[in-house]
Amino acid sequence: MPDDPNWPRASEWLTGAHSPHPACRLAVLGAPLHLSSISPGRADLAPAAIRSILHRFSTYDLECNRDLGRIAATDRGDLTLADMTPADALGSLAAAVRDAGAHSNALVLLGGDNSITRPALHGMCADLSRAGLLTLDAHLDLRDLGAGLTNGNPVRALLADGLPGSQIAQIGIQPFANSRQYFDVAREAGVKVISTTEVRAMGIETAVSEALDRLDQDVDAIYVDLDLDVLDRAFAPATPGSRPGGLTPAEVRAAVRLCGAHPKVRVLDLVEIDPTKDVADATIFAAGLALLSFASGLLGRFGG
């Protein structure tokens with residue numbers, strides 16, 4: 001059956017179907033790093049899977065009355081990182097993020113595992129003293145650096161690089177998914193840690209808004225790291241680190257929409273998906289929804 005011309009698909013939007021007079025510009029870039037994952041898998045396949053699932057979505061955010069056709073989206077393809085370590089990828093990934101940021105109002109990075117966060121944040125803001133990091137993640141990502149860079153220590157590496165701990169906020173941190181020793185690292189560095197229980201008590205919108213407001217006071221640009229294992233495992237079977245009791249896709253949708261709307265948010269990454277482990281495309285659907293919700297927030301930022 002032919003496509004309905006009155007039901008524009010998000011996949012077509014990503015490949016260039018947008019208004020001739022766009023309100024803003026969004027870049028999408030694949031960053032398939034995966035070789036240093038603590039739980040080996042095929043996160044390098046996630047960028048293609050996320051792009052593919054967009055065929056199942058429309059461009060219309062009914063809740064906000066926004067059509068993404070008013071955003072000029074540019075798919076910049078995938079970087080050739082699948083055979084690189086995080087250390088080797090630092091220069092090329094940082095440069096690609098820097099270039100994409102120069103030609104767009106915001107960038108969505110399709111990981112890959114969580115090791116992309118460190119080099120990408122360096123690309124977003126060369127002066128780490130002026131950068132902020134908001135993570136939506138079940139884990140603190142503060143593992144020791146002694147064994148090298150992995151998807152378990154990008155936040156620890158950024159602290160070592162000079163990112164002030166007071167300019168990091170972590171939302172959705174789960175019990176029994178982190179150690180006391182690494183929580184002590186976060187506390188001593190001044191990282192703001194908000195557990196899933198605290199999120200439920202205050203509501204996701206309040207948790208994210210307060211974290212963004214806190215970061216806004218001290219930084220010029222904010223990086224948002226969305227590890228899909230922040231979701232309850234029922235919604236994210238393709239993430240090796242997800243646990244029962246995590247966030248719902250609706251909460252993540254609301255969170256990233258708020259991030260897209262914030263004037264200092266420059267980059268969102270979507271990481272830690274192994275499509276070979278998915279069930280009914282649940283995790284990929286959640287990632288696609290997050291990408292589009294962030295874009296909706298961006299459109300709202302620019303009056304769409």
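Which order do the peptides 155-162, 295-302 take when ranked by the mean count of other beta-carbon atoms within 10 Å per residue, highest first?
Taking the mean over residues of other Cβ atoms within 10 Å, the ranking is 295-302, 155-162.
Give me P(r) over the stretch 45-178, computed from all C-alpha to C-alpha distances, binned every 10 Å, as integer percentages.
10, 35, 36, 17, 2
From the backbone phi of the stretch 75-91, what are the Karplus-calculated ³J(HN,Hα) couplings (6.51 cos²θ - 1.76 cosθ + 1.60, θ = phi - 60°) in whole Hz, Gly and Pro given as x?
Karplus values, whole Hz, x for Gly and Pro: 8, 8, x, 10, 6, 8, 10, 4, 9, 9, 8, x, 5, 5, 7, 3, x.
Determine Rg/Rh for the stretch 163-242; Rg is computed over alpha-carbon atoms and Rh is the Kirkwood hydrodynamic estimate from the same atoms.
Reported Rg/Rh, Kirkwood definition of Rh: 0.97.
Can you run the Rg to Rh ratio on the stretch 114-252? Use alpha carbon positions and the Kirkwood inverse-distance Rh.
Answer for the stretch 114-252: 0.94.
Going highest first, how would you order 207-215, 179-187 by mean Cβ packing within 10 Å?
207-215, 179-187
Rg to Rh ratio, the chain, alpha-carbon atoms and Kirkwood radius?
Ratio value, two decimals: 0.94.
With θ set to phi - 60° and the Karplus curve 6.51 cos²θ - 1.76 cosθ + 1.60, what are the ³J(HN,Hα) couplings of the stretch 13-22 in order, to the nearest whole Hz, using x for Gly and Pro?
Karplus-based 3J(HN,Hα) across the stretch 13-22 equals 4, 5, 9, x, 7, 8, 4, x, 10, x Hz.
Over the chain, with the other protein chains present, what is the accessible area per residue in square angstrom, probe 1.4 angstrom?
Result: 40 Å² of accessible area for each residue.
Taking θ as phi - 60°, what are the ³J(HN,Hα) couplings along the stretch 266-281 by the Karplus curve (6.51, -1.76, 1.60), each to the nearest whole Hz, with x for Gly and Pro?
10, 9, 10, 10, 10, 9, 6, 10, 10, x, 5, 9, 6, 10, 6, 6
At q = 0.16 Å⁻¹, what is the log10 ratio I(q)/I(0) for the stretch 173-304, with the Debye formula run over Cα points and no solvent?
So the normalised log intensities are -0.86.
Measure nothing but the geometry: give the 0 to 90° angle between the long axis through the Cα atoms of 180-189 and the longest principal axis through the Cα atoms of the chain, rounded to 10°.
With rounding to tens, the tilt is 80 degrees.
If you roll a 1.4 angstrom probe over the protein chains with everything in place, what fraction of the accessible area of the chain belongs to carbon and sulfur, to the nearest %?
With neighbouring chains kept in place, the figure for the chain is 53 percent.
Rank by packing, highest mean first: peptides 194-202, 257-265, with packing defined as the count of other Cβ atoms within 10 Å averaged across residues.
Most protected by this proxy first, the peptides run 257-265, 194-202.
Which FRET efficiency value, to the nearest 0.05, is calculated for Asp144 and Thr197 with the Förster distance at 35 angstrom and r the Cβ-Cβ distance?
0.85
What is the distance in Å between the Cα centroid of the stretch 109-129 and that of the stretch 274-304?
So the separation of the two Cα centres works out to 19 Å.
The values are calculated or read from the model by the stated rules, or taken from the named source; none is laboratory data. Because the structure is predicted, anything quoted here is derived from the model rather than measured. Neighbour counts are summed over all protein chains in view; Cβ atoms, including those assigned to glycine, are modelled from backbone coordinates with ideal geometry. Each accessible area value is taken on the protein alone, full model and side chains, heavy atoms only, with ligands, DNA and RNA left out. Shrake-Rupley method; radii C 1.70, N 1.55, O 1.52, S 1.80 Å.
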